[in-house]
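Everything below concerns the one structure shown next.
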Amino acid sequence: MTTSHIRNGRCAARPYLFATSDAEAFVTSVFDATVLARHETPGGAHLEIAIEDAIVVIEAADQFPEHVETTTGSAYVYVPDVDKAYASALAAGATSIAAPEDKPYDERQCGVKDTFGNTWWISAYTGT
């Protein structure tokens, strides 16, 4: 299978989120993410960020041009330690929408909203 048409050669479908300028610090601290690309834009940056085997694209700015229609979104991210990621998210300015708890579908999960209003569901599979 050829992947030359896909930036970084993987992840043909990617979450695309708008966020405030603190997004890069948020995802790198909460998810131990790696910035693959950072392109300056008027008032902000276009970020391509790897979280383990996934890539998230984020348009980050504190004020977007009038012609840009921003929306909030959601992402579901698996991490090794839900409680640690939850604490990191709150320390980075996120608001809790669901504290960490064990779910009946063999996951420990929590939810937070970042400073732009995006929802991040943070989970770890606990089954065997």
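The values are calculated or read from the model by the stated rules, or taken from the named source; none is laboratory data. Everything quoted here is computed from the prediction, not taken from an experiment. Note that we place each Cβ from the backbone using ideal geometry, even for glycine, and neighbour counts take in every protein chain shown.
Answer with yes or no whether Arg38 is modelled with pLDDT of 95 or more and of a type in the set (Lys, Arg). Yes; evaluated as a whole, the condition is true for this residue. Across segment 8-31, the number of residues qualifying as loosely packed, with under 14 Cβ neighbours inside 10 Å and either among the β-branched types (Val, Ile, Thr) or in contact (Cβ under 8 Å) with a residue 24 or more places away in the chain (or both) comes to 4. The single condition among (1) surrounded by 13 or more Cβ atoms within 10 Å (Cβ to Cβ); (2) under 25 Å from Glu107 (Cα atoms); (3) within 11 Å of the chain's Cα centre (by Cα) that Ala87 does not satisfy is (3).
With respect to being in contact with a strand residue (DSSP E or B) (Cβ under 9 Å, 6 or more places away or on another chain), within 22 Å of Arg7 (Cβ to Cβ) and surrounded by fewer than 19 Cβ atoms within 10 Å (Cβ to Cβ), Leu36 fits the description.
Any residue in segment 53-76 that is under 16 Å from Ala124 (Cα atoms), modelled with pLDDT of 95 or more, in contact with a strand residue (DSSP E or B) (Cβ under 7 Å, 6 or more places away or on another chain) and hydroxyl-bearing (Ser, Thr, Tyr)? Checked against the condition, which is being under 16 Å from Ala124 (Cα atoms), modelled with pLDDT of 95 or more, in contact with a strand residue (DSSP E or B) (Cβ under 7 Å, 6 or more places away or on another chain) and hydroxyl-bearing (Ser, Thr, Tyr), segment 53-76 yields at least one hit. Once segment 90-101 is narrowed to residues that are within 23 Å of Gln63 (Cβ to Cβ) and not aliphatic (A, V, I, L, M), the residue that is surrounded by the fewest Cβ atoms within 10 Å (Cβ to Cβ) is Thr95. Summed over segment 7-49, the residues that are over 16 Å from Tyr76 (Cβ atoms), hydrophobic (A, V, I, L, M, F, W, C) and assigned to a strand (DSSP E or B) give a count of 7. For Ala85, the criteria (1) in a helix (DSSP H, G or I); (2) at pLDDT below 95 hold in every case but one, which is (2).
Per-residue answers, yes or no, for (1) touching a residue at least 40 places away in the same chain (Cβ under 8 Å); (2) over 12 Å from the mean Cα position of the chain (by Cα); (3) surrounded by 16 or more Cβ atoms within 10 Å (Cβ to Cβ); (4) over 21 Å from Val56 (Cα atoms):
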{"site": "Thr71", "(1), (2), (3), (4)": "yes, yes, no, no"}
{"site": "Ala75", "(1), (2), (3), (4)": "yes, no, yes, no"}
{"site": "Asp83", "(1), (2), (3), (4)": "no, yes, no, yes"}
{"site": "Lys103", "(1), (2), (3), (4)": "no, yes, no, yes"}
{"site": "Asp114", "(1), (2), (3), (4)": "yes, no, yes, no"}
{"site": "Ser123", "(1), (2), (3), (4)": "yes, yes, yes, no"}
{"site": "Thr128", "(1), (2), (3), (4)": "no, yes, no, yes"}
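Within segment 46-69, does at least one residue satisfy the condition of being of a type in the set (A, V, I, L, M), in contact with a Phe, Trp or Tyr (Cβ under 7 Å, 6 or more places away or on another chain), under 26 Å from Arg10 (Cβ atoms) and surrounded by fewer than 18 Cβ atoms within 10 Å (Cβ to Cβ)? Yes.
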